[in-house]
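Everything on this sheet refers to the single structure shown next.
Quick note: the coordinates plus some simple rules give every number you see, no bench work behind them. Quick caveat, the model's predicted, so the values are computed rather than measured. Neighbour counts run over all protein chains shown; Cβ positions are idealised from the backbone, glycine included.
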Amino acid sequence: AALAAQDLAIKNATIITITRGDIQNGTILVRGGKIAAVGTDVAIPAGVRTIDGTGKFVMPGIIDAHSHAALENGINEGSESVTPEVQVQLKNDDPVIYRALAGGVTAALLLHGSANTIGGQSRVIKMRWGASADSMYFKGAFRIVKFALGENVTQASSTLPIDERRFPMTRMGVEFTVRYWFQKAKEYDQEWIDYRAALKTNPNAMMPRRDLRLEALTDIVHGDLKVHSHSYRADEILMLIRVAEENGFKVHTFQHVLEGYKVADEIAKHGAMASTFADMWGYKVEAWDATPFNMALMSQRGITVSVNSDSDERIRRLYQEAGIGVRYGNMPVNEALKMVTLNPAKQLGVDKMVGSLEAGKDGDIAVFSAHPFAPDAAVEYTIIDGKVYFDRSQANTLRKTAGDAKGPG
């Protein structure tokens, strides 16, 4: 039988498994898009495409837990404060997808903007360049909604007159907005519970009016829609934890979370995860107290931490961003690499499928010319489901298909 395109082997490489240490002179075999075997004594069936990994380093495909790449315009809501019923839409032909592949990225969480208190629903994608939008969506990932706190919501830098600005304009207003809408959601949920109970004895019971906004908020309370919240300051992080606990829901992941190191114990106790910048700070008032030690300090307190890009540029260099954790905080090398592989996979709900190199998981792999933290390391191959989507030796001929005159960098 002809071998499917998703059969692939890489041999004689240093394999960074993330969960089971590094394997020297190892082989990884992908059959039918899934990892079949990883080790030093893996037999490669005849006819399987084989990459010689001599001198190369193989790691799980990199996962970006905070991106706005390849989204249709209009993902920042400037008029309504609460819009959890809307959903971001993918531009599947955006060249940033190919450029991300050139940096070893195989999956990303594409988030709504942070202009309003409760934003829209996100999409988790695999970077299957050339595929339709529908076939890029990562099946089985969490449903995720974006919350936002602080200056973006309050429009602190707005030059509009006060009477032309949208509520809320203060951090207290943001807190009130969350409380108000979850109170409405709980009332709405109760209406439907009462209706379903009434149906048992009265087939003519009046169905409540369906409200997609309140339905989405109800999904949050039930745990079906996970909250990822844009956040900066310690006080607002604590505020959202308290409001969530009072209203019976959980903040699944704090995004940015620049002052997370100040309240790491409280974040851990709540059970939230954290996705932060490696070393972005001081670019606005609420970012003043950030530190590149943040990811290491939060990790030490038991929080599952990822390092994200929030940038169409940084998405191509996430492996270097993770390395900052070794420099600032003395993180073990593979603990730092976990922050762009297994940890973001947990935050997106896909860690059973990706994030480490072990049998049974998806064949999502990045092959580097040197250790990912080496200054001259470059991605040579990026593989999704066993299929090579980026091959640096072919990049010059492929770059025109990425709509980029200069080619990926």
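Normalised by residue count, region 234-291 yields a Cα convex hull volume of 71 Å³ per residue.
When you restrict to C-alpha pairs under 8 Å that are six or more residues apart and normalise by the size of region 70-136, the relative contact order lands at 40 percent.
In the chain, the calculated helix contribution to ellipticity at 222 nm averages -7500 deg cm²/dmol per residue, counting -39,500 (n - 2.57) for every DSSP H run with n ≥ 4. Over the Cα atoms of region 93-156, each weighted equally, I'd like the Debye log10 I(q)/I(0) at q = 0.19, 0.23, 0.27, 0.29 Å⁻¹, rounded to two decimals. The computed values of log10 I(q)/I(0) come out as -0.78, -0.92, -1.06, -1.14.
For the pair THR40 and VAL326, label points projected 7 Å from Cα toward Cβ lie 2.2 nm apart. When the Cα positions of PRO332, TRP192, ALA377 are compared along the charge dipole of the chain, ALA377 comes out farthest toward the positive end, with charges on each C-beta of Lys, Arg, Asp and Glu. Extension gain, LYS200-ASP52: 0.36 nm per intervening residue step, less the Cα-Cα distance, totals 46.7 nm.
The residue list VAL285, VAL307, ILE237 was ranked by how far each Cα lies along the charge dipole of region 226-311 toward its positive end, using unit charges on Cβ atoms, and VAL307 comes out on top.
Does region 163-242 come out rounded, prolate or oblate by the C-alpha gyration tensor, with a ≥ b ≥ c the root eigenvalues, rounded set by a/c under 1.5 and, if not, prolate when a/b is larger than b/c and oblate if not? Judged from the Cα gyration tensor, region 163-242 comes out prolate (a/c at least 1.5, a/b above b/c).
Treating the beta-carbon of each Lys and Arg as +1 and of each Asp and Glu as -1, no other charges, what is the dipole magnitude of region 97-191 about its Cα centre, to the nearest 20 debye? All intermediate terms of the calculation are to be shown ahead of the outcome.
Working: 13 positive and 8 negative charges, 95 e Å.
With Lys and Arg at +1 and Asp and Glu at -1, about 460 debye.
Beyond 25 Å in Cα-Cα separation lie the following of the pairs LYS184/LYS284; LYS250/LYS387; LYS146/LYS200; LYS11/LYS387; LYS126/LYS226; LYS146/LYS262: LYS184/LYS284; LYS250/LYS387; LYS146/LYS200. Pairwise Cα separations in the chain fall into 20 Å bins from 0 onward with the following percentages, short to long: 27, 53, 19, 1.
Computed as a quarter of the hull surface, the mean projected area of the alpha carbon convex hull for region 137-200 stands at 7.9 nm².
By the gyration tensor of its Cα atoms, with a ≥ b ≥ c the square roots of the eigenvalues, what is the shape of region 212-260: rounded for a/c under 1.5, prolate for a/b over b/c, or oblate?
Numbers: a/c = 2.64, a/b = 1.88, b/c = 1.40.
It comes out prolate by the Cα gyration axes.
If you take every residue apart from TYR232 with its C-beta less than 14 Å away from the C-beta of TYR232, what net charge results, scoring Lys and Arg +1 and Asp and Glu -1? Working shown, then result.
Numbers: positive: ARG171, ARG233, LYS262, LYS284; negative: GLU151, ASP235, GLU236, GLU259, GLU286, ASP289, ASP310.
Within the 14 Å Cβ shell, the charges total -3.
Between ASN12 and GLU164, the contour length at 0.36 nm per residue exceeds the Cα-Cα span by 48.3 nm. Here the Karplus relation 6.51 cos²θ - 1.76 cosθ + 1.60, evaluated at θ = phi - 60°, turns the backbone of region 153-167 into coupling constants of 6, 6, 6, 4, 9, 5, 9, 5, x, 3, 6, 9, 8, 8, 6 Hz, with x for every Gly and Pro.
Summing Lys, Arg as +1 and Asp, Glu as -1, what charge do residues with Cβ under 11 Å from the Cβ of LEU357 carry, LEU357 excluded? The partial results should precede the final answer.
Details: positive: ARG20, LYS361; negative: ASP22, GLU358, ASP362, ASP364.
Residues close to LEU357 contribute a combined charge of -2.
Neighbours of ASP385, meaning other residues whose beta-carbon lies under 9 angstrom from its beta-carbon, give a summed charge of +2 when Lys and Arg score +1 and Asp and Glu score -1. Around the amide H of GLY61, modelled in the peptide plane, lie the amide H atoms of GLY355, ASP364, ILE365, ALA366, all under 5 Å away and 5 or more residues distant in sequence or on another chain.
I'd like the antiparallel share, as a percent to the nearest 5, of DSSP beta bridges with both residues in the chain. Could you put the intermediate results ahead of the total?
Working: 32 of 61 bridges.
The answer is about 50 percent antiparallel.
Taking a quarter of the surface of the Cα convex hull of region 12-92 gives a mean projected area of 8.9 nm².
Return the equivalent ellipsoid semi-axes of region 227-347 as a descending list in whole Å, where each equals the square root of 5 times an eigenvalue of the C-alpha gyration tensor. Mind dumping the intermediate values first?
Working: eigenvalues 97, 47, 35 Å².
Its equivalent ellipsoid spans semi-axes of 22, 15, 13 Å.
With the Cα gyration tensor of region 278-383 giving a ≥ b ≥ c as the square roots of its eigenvalues, does the rule (a/c under 1.5 for rounded; else a/b larger than b/c for prolate; else oblate) give rounded, prolate or oblate? It is prolate, given that a/c is not under 1.5 and a/b is the larger ratio.
Mean sequence separation of contacting Cα pairs (under 8 Å, at least six apart), scaled by the length of the chain, corresponds to a relative contact order of 21 percent. Extension gain for the segment ASP279 to SER157, taken as residue separation times 0.36 nm less the Cα-Cα distance, is 41.7 nm to one decimal.
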